[in-house]
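Heads up, the thing below is written out as structure tokens.
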Amino acid sequence: MGMRIWCPNVALYGTSPPTYSMATSSIQPRLTRHPDGITAVDAEYVRPGLAAAHIIQQDGRAAFVDTGTNDSVPHLLAALDMLSIPRDAVDYVFLTHVHLDHAGGAGLLLQSLPNAKAVIHPRGAPHLIDPGKLIAASIVVYGEAQFRKLYGDLVPIPSEHVITVKDGQRFKLAGRELELIHTPGHALHHYAIIDLAARNIFTGDTFGLSYRELDTDQGAFILPTTTPTQFDPEQLIASIDRLVSYSPRAAYLMHYSRVTDIPRLAEALKDQIRVVVDIAKRHANDADPSAGIEADMRADWVERLRGHGIVLSDDQFDEVLGKDLELNRQGLVAWLQRLHRTQV
Ligand SMILES: [Zn+2]
């Protein structure tokens, strides 16, 4: 099989169904229709094809899984219009975890959804009801200017609109059973949704990220997300195993939407988690662990991409994966620091 040169303009959404747009509004949401009444809405976060909120439709009712940021909200509302879903037909806004690319727009979105409850892990809920600490922590990761540009002013979610979940709790969307399971490893406040009858899973960031530009005839290319500040390799591997135990037919990732061939992808994720842990430990005593970790992880990704049939120029690599490399490196350094603190 020949190597494929990735080109962002040509290959975007390479193997996905075509995107269509709404002619009657200035907002043109990019929707991808999937089986089982599931639609991916591009959250227009940073670049197209990076982050998808999902809508689940069942017999006239609907739910969102993750929302993107405040800037995503007009796209989500336009998507409802395109799908002919009245705003009062949305019962739930499931927030897999409270990282801002997933939940930053939830407060603003809920203002337009009179019957919707935000469903949040109990560790995450206080941060969306009163976002002060979350804003401060995010500014540490992103810097103030970048934070304001990406996330704007977070709208608090009134506590009476919040449901906190227990592990294994089930919700019914017009009778469709959705089981929520705690999936720590990427974040402690993370849950995943098991769409029991259709055997879909909505994995937030627990099942990594997989950009459609990197699809080849070998299928999807996947990477774990070891983002700050709660990456825990053992928890993450256990969460992946737990997701796989449901024998899902498809996983819906925030970054970016639907993947199948779950057993292969799960093994790829677990292998990479072990590899990056080794990389991090190898550089733990460097004067600056960041540089060595990033270089080794980049080399590992380049090699895996090559094995997947993709050769990227440095610029192409930076455009599609540079930010993830940086965030994953930050998360590994934070994990090393935590490990060190608990050992001394
Ligand atoms: Zn996350």
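We did not get these values from a lab; they are worked out from the coordinates using the rules stated. The structure presented is a predicted model; accordingly, all values stated were derived computationally and were not measured. Using ideal geometry, Cβ is built from the backbone for each residue, glycine included, and neighbour counts are taken over all protein chains shown.
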What the Cα atoms of region 223-308 span along the principal axes, largest first and in whole Å, is 45, 29, 19
Summing -39500 (n - 2.57) over every DSSP H run of at least 4 in the chain, dividing by its residue total and rounding to the nearest 500, the 222 nm mean residue ellipticity is -11500 deg cm²/dmol
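Which GluC sites (Glu not before Pro) from region 136-235 combine a DSSP loop assignment with at most 13 other Cβ atoms within 10 Å?
In loop regions of region 136-235 (DSSP not H, G, I, E or B), there are no sparsely surrounded GluC sites (Glu not before Pro).
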Within the chain, the percent of DSSP beta bridges that are antiparallel, given to the nearest 5, stands at 65 percent
Region 33-131: antiparallel bridges as % of DSSP beta bridges, rounded to 5, reads 65 percent
Pseudo-spin-label distance Lys172 to Asp81, built 7 Å along Cα→Cβ, given in nm, is 3.4 nm
Cα extents of the chain per principal axis, largest first, Å, are 55, 50, 41
Yeah, region 69-134 with a ≥ b ≥ c from its alpha-carbon gyration tensor (a/c under 1.5 is rounded, else prolate when a/b outruns b/c, oblate otherwise) is prolate
Any DSSP H helix in the chain with Cα axial reach of 24 Å or more and mean Kyte-Doolittle score of at least 1.6? Listed by number, the hits are none
In the chain, lysine pairs 8 or more places apart or on different chains with C-alpha atoms under 25 Å apart total 10
Whole-Å distance linking the alpha carbon centroid of region 124-162 with that of region 239-274 is 29 Å
